[in-house]
Amino acid sequence: MKVLVAYYSETGNTEKIAKTIYEEASKEHEAHLKRIKDINADTLNDYDLVFLGSACHSADLAAPVKKILKALPKSPKFKLAGFFTHSTLTPEQNEHGQALFDEWASKCIDSFESVSGEKRIDFRGYYHCQGAPSLPIQAFIRSEITKSDDEWETYIREARKHPSQEDLEKASDFARKIMSMSN
Ligand SMILES: Cc1cc2nc3c(=O)[nH]c(=O)nc-3n(C[C@H](O)[C@H](O)[C@H](O)COP(=O)(O)O)c2cc1C
């Protein structure tokens, strides 16, 4: 199987997940790792399975990734899987994680699913995890989202650890599962 791992990453979090998926895919398949800027929608047609990754921007996939999705043909032969990193806590990390994730990151999932539905793309699933926020994003979260110094300290102590080793292991598991379903 020919596998493409294509990703958009500004500060390296999504890139770590992309490299992990690529390493997993390379064990048994011909795999290629590319940044979004180095591909176009036609590139995907050369592959059997495409893992498409993005940093989460404004609660959604980053604009270059949305652009590629929009340009994809209808009923392509490749299968698609998604991954993204976000600075928002996940439901597993915090009791308010579900509400925060719904507000600040869940459109990433909606975008993958709605484009796949519209274009009849065989979408096999997605993986996401937290990624450490850059300084400007930290300033935004501190002033607009966290409600106290204590909440902020708890948040940033955790967020700085991601993607963690466990996140990378889960990304490998995800890649293995998607590839076994797609063979
Ligand atoms: C312009 C911008 C907007 C962002 N908006 C969100 C957001 O709405 N929700 C969120 O969870 N994270 C948001 N983030 C944080 C990133 O998604 C997060 O830090 C991610 O791991 C960055 O991935 P990268 O290192 O691959 O660029 C934003 C980051 C940037 C730069």
>> Tally up the residues in segment 130-181 that are at pLDDT below 95 and either of a type in the set (V, I, T) or at positive phi (or both), please.
In response: 3
> Within segment 75-90, how many residues are within 13 Å of the ligand (Cβ to nearest atom) and either at pLDDT 95 or above or under 24 Å from V115 (Cβ atoms) (or both)?
Replying inline: 7
> Consider P133 against the criteria (1) within 13 Å of the ligand (Cβ to nearest atom); (2) part of a helix (DSSP H, G or I): it satisfies all of them except one. Which criterion is unmet?
Replying inline: (2)
> Given the conditions (1) in contact with a strand residue (DSSP E or B) (Cβ under 6 Å, 6 or more places away or on another chain); (2) more than 9 Å from the ligand (Cβ to nearest atom), and given that A139 satisfies all but one, which numbered condition is not satisfied?
Replying inline: (1)
> Is there a residue in segment 118-129 that is at pLDDT 95 or above, assigned to a helix (DSSP H, G or I) and over 22 Å from E15 (Cβ atoms)?
Replying inline: yes
> Could we say that F51 is away from the ligand (no atom under 11 Å from the Cβ), aromatic (F, W, Y) and either within 13 Å of the chain's Cα centre (by Cα) or under 18 Å from T11 (Cα atoms) (or both) here?
Replying inline: yes
> What strands (runs of 3 or more DSSP E), lying completely within segment 1-113, carry at least 3 residues that are crowded, with 17+ Cβ neighbours inside 10 Å and touching a residue at least 40 places away in the same chain (Cβ under 8 Å)?
Replying inline: 2-8, 49-57, 79-86
> With respect to Y8, is the statement that it is within 16 Å of the ligand (Cβ to nearest atom) and under 11 Å from the mean Cα position of the chain (by Cα) true?
Replying inline: yes
>> Quick check on segment 156-171. Is at least one of its residues among the small types (G, A, S) and under 30 Å from L49 (Cβ atoms)?
In response: yes
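The values are calculated or read from the model by the stated rules, or taken from the named source; none is laboratory data. Remember, predicted model here, so these are calculated numbers, not experimental data. Glycine gets a Cβ as well: all are built from the backbone with ideal geometry, and neighbour counts include every protein chain shown.
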